[in-house]
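*Asks:* The structure that follows is given in the form of structure tokens.
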Amino acid sequence: SSAASDVYKRQGEINMIADAVTWFIGLGSVVFIPIIIIILGLIVRVKPSKAIIAGITVGIGFIGLNMVTGFLQEVLGPAIKLMVKNYGLTLSIMDLGSGTAGPLSFSTTLGVLIIPVAFILNLILVWTGITKTLNVDVWNLWQPALIGVMVWGITGNYVYGAIAMIPGFLLQLLLADLSQPLLSKFFNFPGIAITHLMALSGMVLAVPLNWLFDRIPGLKDLDVDPETIQEKFGLIGDPIIIGFVIGVVIGLLAGYDFGGFMTLGVQMAAVLKILPKMVGMFMEGLTPIAEGTQEFCKKYLHGKVVNIGMDAALTVGNSAVMATALLLIPVTLFISVVLPGNKILPFGDLPTLVFALSCMVAAFKGNILRSVIGCGIYSASMLYLATWLAPALTKAYQLAQYSVGSSGLVSYVSAGLWPNALMVFIGQVFSLPGILISTVVILGLLFYVNKIKKFNA
């Protein structure tokens with residue numbers, strides 16, 4: 001009786017913690033990320049007034065970005081739907097869009113567990129110098145959480161899923177550490193790393209592809225970034241004109257009349273003009289915190305380099321990123337139809353592909369031609385992997401008690417990240433030993449990169 005009472009008591013405490021974390025997440029990134037920024041600022045000895053202003057400014061940046069990306073989905077959704085209808089595109093797996101995956105991941109007790117586990121593990125790794133990234137992007141922990149829920153679904157074992165989240169999170173830190181110098185230089189945000197697994201995964205393909213493109217005669221000499229276009233052709237290279245032209249082309253493919261495609265053109269021009277200003281709000285808030293973190297580390301952590309891990313939202317305001325993402329909408333639709341073995345019809349995920357492709361554009365140094373080719377190849381790989389992952393993802397939706405109706409298998413394009421496929425494959429084929437070995441291997445790579453190689457020291 002006493003033992004049973006203790007078990008019930010511990011279970012009650014676990015449920016209370018889970019409820020508290022769920023409540024915190026429920027506040028939304030507009031609230032909880034600023035709170036984390038303010039707390040971090042106070043910890044690293046930034047003046048309270050400065051920390052509070054920084055946190056609220058980051059929140060304003062999130063609001064602005066959500067407004068613009070929401071508008072983007074609102075105006076592109078009907079155009080994409082018409083393109084699908086006009087060209088008679090039919091495939092068997094429904095694309096629900098990545099927007100459903102975050103709430104799905106955090107609506108399970110397993111998904112909520114990643115937050116305290118990742119926080120404690122991250123602090124230990126930063127303190128020991130095994131990583132240089134201090135992740136404050138709590139919301140995008142849904143990505144390793146989703147890995148856990150899919151492994152749980154495909155193996156039927158809750159514990160396996162819980163453990164599988166750890167290598168997923170470690171992979172975020174490893175890719176963040178490796179990509180930080182390149183992304184910081186291209187996007188001009190010193191002291192900041194991107195910890196958004198969806199955005200980081202494509203770097204593994206983009207970096208070697210860019211090396212290859214540098215060695216292809218003709219292609220290596222074509223510099224098609226917005227600045228070069230504007231320098232050579234004037235008006236044509238202005239981000240507003242690039243957005244307008246792409247919007248008009250998408251409108252024409254959707255079968256809009258003159259007023260319709262002209263309106264879509266102006267709307268896309270507005271997106272390319274407004275997004276950089278919203279990202280500027282992020283940087284305005286994050287800069288004093290990043291500077292304070294570096295000063296704190298110099299004084300109290302023996303000069304360790306520590307970068308603040310943030311959402312890929314910081315990267316989407318770049319004109320080359322947005323131009324590439326918009327061009328990839330019709331390209332990805334076309335690829336999905338001609339790709340043998342693909343069963344996903346892209347729809348829900350197309351307006352948000354910008355988050356999956358943004359870091360790749362940086363690897364291509366903003367060259368839009370290279371970015372479209374490279375991201376097109378990457379989109380094909382995501383379609384294949386998302387098709388393969390559809391059973392695991394459908395099971396994850398069911399475990400989270402999401403109704404998928406009579407639609408059969410469900411997935412979305414950017415579910416097809418290689419880290420997702422790798423961890424589900426390891427869990428399915430090699431079970432617990434494979435998950436544990438992968439954890440040790442990624443930890444070893446982090447140790448090698450930061451302690452032995454002293455990368456980005």
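The values are calculated or read from the model by the stated rules, or taken from the named source; none is laboratory data. Here the structure is a predicted model, which is why all the values come from computation and not from measurement. Here the Cβ is made from the backbone with ideal geometry for all residues, glycine too, and neighbour counts use every protein chain on show. Only protein heavy atoms, including side chains, enter the accessible area calculation; ligands, DNA and RNA are left aside. Shrake-Rupley method; radii C 1.70, N 1.55, O 1.52, S 1.80 Å.
*Asks:* Among the residues of the stretch 419-436, are any in contact with a Leu (Cβ under 7 Å, 6 or more places away or on another chain), surrounded by fewer than 23 Cβ atoms within 10 Å (Cβ to Cβ) and at pLDDT 95 or above?
*Replies:* Yes, because at least one residue in the stretch 419-436 is in contact with a Leu (Cβ under 7 Å, 6 or more places away or on another chain), surrounded by fewer than 23 Cβ atoms within 10 Å (Cβ to Cβ) and at pLDDT 95 or above.
*Asks:* Kindly provide the set of residues from the stretch 122-142 that are open to solvent by 10 Å² or more (accessible area, probe 1.4 Å) and of a type in the set (S, T, N, Q), ordered by number.
*Replies:* 128, 135, listed by residue number.
*Asks:* Okay, moving on. Name every residue in the stretch 262-273 that is open to solvent by 20 Å² or more (accessible area, probe 1.4 Å) and under 30 Å from the mean Cα position of the chain (by Cα), in order of residue number.
*Replies:* 263, 266, 267, 270, 273
*Asks:* Suppose we filter 94, 67, 150, 83 for residues that are farther than 27 Å from residue 389 by Cβ and more than 16 Å from the chain's Cα centre (by Cα); which single one remains?
*Replies:* Step by step, each of 94, 67, 150, 83 is checked, and only 67 is farther than 27 Å from residue 389 by Cβ and more than 16 Å from the chain's Cα centre (by Cα).
*Asks:* Let me ask another. Can you find even one residue in the stretch 75-88 that is modelled with pLDDT under 80, open to solvent by less than 80 Å² (accessible area, probe 1.4 Å) and not β-branched (Val, Ile, Thr)?
*Replies:* Yes, that holds for at least one residue.
*Asks:* To continue, here is another question. Which one of the conditions (1) over 18 Å from residue 188 (Cβ atoms); (2) open to solvent by 30 Å² or more (accessible area, probe 1.4 Å) does residue 294 fail to meet, given that it meets all the rest?
*Replies:* (1)
*Asks:* While we're looking at this one, here's another question. Would you confirm, using the coordinates I've provided, whether residue 396 is closer than 26 Å to residue 85 by Cα, part of a helix (DSSP H, G or I) and either open to solvent by less than 10 Å² (accessible area, probe 1.4 Å) or among the basic types (Lys, Arg) (or both)?
*Replies:* Spelling it out, it is not the case that residue 396 is closer than 26 Å to residue 85 by Cα, part of a helix (DSSP H, G or I) and either open to solvent by less than 10 Å² (accessible area, probe 1.4 Å) or among the basic types (Lys, Arg) (or both).
*Asks:* Could I ask something else about it? What's the number of the only condition in (1) out of contact with any Phe, Trp or Tyr (no Cβ under 8 Å at 6 or more places or on another chain); (2) assigned to a helix (DSSP H, G or I); (3) surrounded by fewer than 23 Cβ atoms within 10 Å (Cβ to Cβ) that residue 320 fails to meet?
*Replies:* For residue 320, the exception is condition (3).
*Asks:* For residue 337, only one of the following conditions fails: (1) part of a helix (DSSP H, G or I); (2) at pLDDT 90 or above; (3) surrounded by fewer than 21 Cβ atoms within 10 Å (Cβ to Cβ). What is its number?
*Replies:* (2)
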